[in-house]
Amino acid sequence: MTMSPQAKTDALLVLNAGSSSLKFAVFALTGQGLVQRHDGQMEGIGAAPRFMLCDATGAKLAERSFTEAEAPKDHQGALGVILQALKPLIDGATIRAIGHRVVHGGRDLSAPVLIKPAIMAQLRALVPLAPLHQPHNLAGIEAAARHFPGVAQIACFDTAFHRTQSHAAASFALPPRFYEQGILRYGFHGLSYEYIARRLAAEDAALGQARLIVAHLGNGASLCAIEGGQSRATTMGFTALDGVPMGTRSGQLDPGVVLHMLDSLKMNSAEIAHLLYHDSGLKGMSGISQDVREIEAAGTEAAEAALDHFAFRVRREIGALAASIGGVDALVFTAGIGENAHKLRARICAGLGFLGINLDPEANAANRPEIGRAGCPVRVLIRHTDEEAMIAEHALELISAA
């Protein structure tokens with residue numbers, strides 16, 4: 001398997017490390033701009049890994065599950081499998097740059113950057129703020145640098161898109177010295193939101209200036225209010241624990257609960273962190289799984305309670321975000337749950353008629369691109385997000401400007 005002849009020139013490689021997955025994509029640099037040639041992922045890392053590789057049409061070139069003995073144990077091992085599979089595919093192409101999703105850029109890194117030792121040091125210092133993701137992002141950078149020595153490595157930050165937020169939106173009600181120390185609402189999923197905002201603006205100039213609420217609902221979940229293509233408010237805060245409940249993360253929690261766990265329940269910080277990051281959210285409430293399909297199929301009282309709570313919290317945040325930008329012109333669902341879980345979308349939108357949000361049941365059940373009722377003041381859309389394409393665009397912009 002090799003890249004097609006017209007792609008045997010320059011290419012970009014993108015690596016996107018999640019908490020239990022590693023997505024990748026190869027883009028050819030052509031006269032028409034970036035053209036995706038291959039993509040895929042290793043999912044289920046640390047549990048039951050599955051590898052898939054596709055060509056530009058979506059046709060599967062390779063698919064593999066692993067026995068326990070041969071399975072890669074972590075992101076570093078998963079990246080080795082991916083790069084081994086990609087090497088024959090990119091034979092003859094010159095890799096111009098490797099773009100990486102990096103969850104946390106802190107206060108100072110608010111745009112894509114060429115990775116140097118000083119930048120790596122800054123990113124390592126931010127690991128405590130994104131413990132589920134940042135170490136995997138850095139491992140991907142280090143492994144790619146070993147496999148492709150001398151090739152430009154570019155970091156694109158999930159926090160960068162939210163740096164347009166006002167001080168009122170980004171601050172906590174703490175003495176100013178804490179803000180100066182970097183304790184503020186950073187927000188995450190920024191690459192996904194930026195991609196959605198750019199694509200909507202490209203398909204409809206009016207949407208580019210509209211008041212959007214984008215719901216990125218997957219194993220990690222958040223929402224963002226976007227106005228004129230810029231982030232104005234978002235549900236995640238200092239860490240990726242904040243906001244709506246997620247697959248295994250708690251979402252918003254009264255800080256007093258943590259103090260109670262420490263002082264009265266005698267839990268230590270490591271136990272609390274494991275609970276909030278790994279054993280809460282949909283998985284913790286349902287007692288079944290973090291997978292919405294499995295929870296919906298279970299039909300137990302706990303499963304229904306988990307789905308109701310998730311929908312309630314997302315619905316409440318939609319109302320709050322609409323208030324932050326003075327209304328809403330379009331609600332956009334994206335990511336795994338947002339794009340596919342039609343029953344949960346219906347739960348979320350139930351009762352939002354006061355905002356002008358009403359679903360067309362048939363369109364919603366079919367996961368169509370437009371799922372709002374015709375004639376309603378607020379459009380309700382489903383759009384596929386593509387963080388890898390956004391990273392590739394940033395990488396190309398950066399190396400073109402060098």
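The values are calculated or read from the model by the stated rules, or taken from the named source; none is laboratory data. Remember, predicted model here, so these are calculated numbers, not experimental data. In this analysis, Cβ positions are derived from the backbone assuming ideal geometry, glycine residues included, and neighbour counts consider all displayed protein chains. SASA here: full protein model, heavy atoms, side chains in, ligands and nucleic acids out. Shrake-Rupley method; radii C 1.70, N 1.55, O 1.52, S 1.80 Å.
Do you know which residues across the stretch 297-318 are under 24 Å from ILE213 (Cβ atoms) and touching a residue at least 12 places away in the same chain (Cβ under 8 Å)?
Of everything in the stretch 297-318, those that are under 24 Å from ILE213 (Cβ atoms) and touching a residue at least 12 places away in the same chain (Cβ under 8 Å) turn out to be ALA306, LEU307, ASP308, HIS309, PHE310, ALA311, ARG313, VAL314, ARG315, GLU317, ILE318.
Please verify whether MET236 is part of a loop (DSSP other than H, G, I, E, B), open to solvent by less than 20 Å² (accessible area, probe 1.4 Å), touching a helix residue (DSSP H, G or I) at 6+ places or on another chain (Cβ under 8 Å) and of a type in the set (A, V, I, L, M, F, W, C), treating the condition exactly as stated.
On the way: part of a loop (DSSP other than H, G, I, E, B): yes; open to solvent by less than 20 Å² (accessible area, probe 1.4 Å): yes; touching a helix residue (DSSP H, G or I) at 6+ places or on another chain (Cβ under 8 Å): no; of a type in the set (A, V, I, L, M, F, W, C): yes.
For MET236, the condition - part of a loop (DSSP other than H, G, I, E, B), open to solvent by less than 20 Å² (accessible area, probe 1.4 Å), touching a helix residue (DSSP H, G or I) at 6+ places or on another chain (Cβ under 8 Å) and of a type in the set (A, V, I, L, M, F, W, C) - is not met.
Could you please let me know if ARG315 is more than 18 Å from the chain's Cα centre (by Cα) and under 17 Å from THR385 (Cβ atoms)?
Answer is no for this residue.
Does ALA221 satisfy being modelled with pLDDT under 95 and under 24 Å from CYS156 (Cβ atoms)?
Criteria not met by ALA221.
In the list ALA206, ALA201, ALA197, which residue meets the criterion of being part of a helix (DSSP H, G or I) and touching a helix residue (DSSP H, G or I) at 6+ places or on another chain (Cβ under 7 Å)?
Exactly one residue qualifies, and that residue is ALA201.
For residues that are aromatic (Phe, Trp, Tyr) and farther than 16 Å from GLY105 by Cα, scanning just the stretch 117-175, find the one that is modelled with the lowest pLDDT. Break it down stepwise before answering.
Step one: list which residues in the stretch 117-175 are aromatic (Phe, Trp, Tyr), which gives 148, 157, 161, 172.
Within this subset, residues satisfying the condition of being farther than 16 Å from GLY105 by Cα are 148, 172.
Numbers: PHE148: 83, PHE172: 97.
Within the stretch 117-175, the match that is modelled with the lowest pLDDT is PHE148.
List the number of the failed condition for GLY351; all other conditions in (1) surrounded by fewer than 23 Cβ atoms within 10 Å (Cβ to Cβ); (2) modelled with pLDDT of 95 or more hold.
GLY351 satisfies every listed condition except (2).
Quick one: would you say ALA346 is part of a helix (DSSP H, G or I), free of Cβ contacts under 8 Å to residues at least 60 places away in the same chain and open to solvent by less than 20 Å² (accessible area, probe 1.4 Å)? Working first, answer last.
Working: part of a helix (DSSP H, G or I): yes; free of Cβ contacts under 8 Å to residues at least 60 places away in the same chain: yes; open to solvent by less than 20 Å² (accessible area, probe 1.4 Å): no.
So ALA346 does not fit the description; no.
Output the qualifying pairs, or none if there are none: Cβ atoms under 8 angstrom, residues six or more apart or on different chains, first residue in the stretch 102-119 and hydrophobic (A, V, I, L, M, F, W, C), second residue assigned to a loop (DSSP other than H, G, I, E, B) and open to solvent by 60 Å² or more (accessible area, probe 1.4 Å).
Hits for this filter: LEU114/ALA402.
When you scan the stretch 270-296, how many residues do you find that are among the hydroxyl-bearing types (Ser, Thr, Tyr) and modelled with pLDDT under 95?
The total comes to 2.
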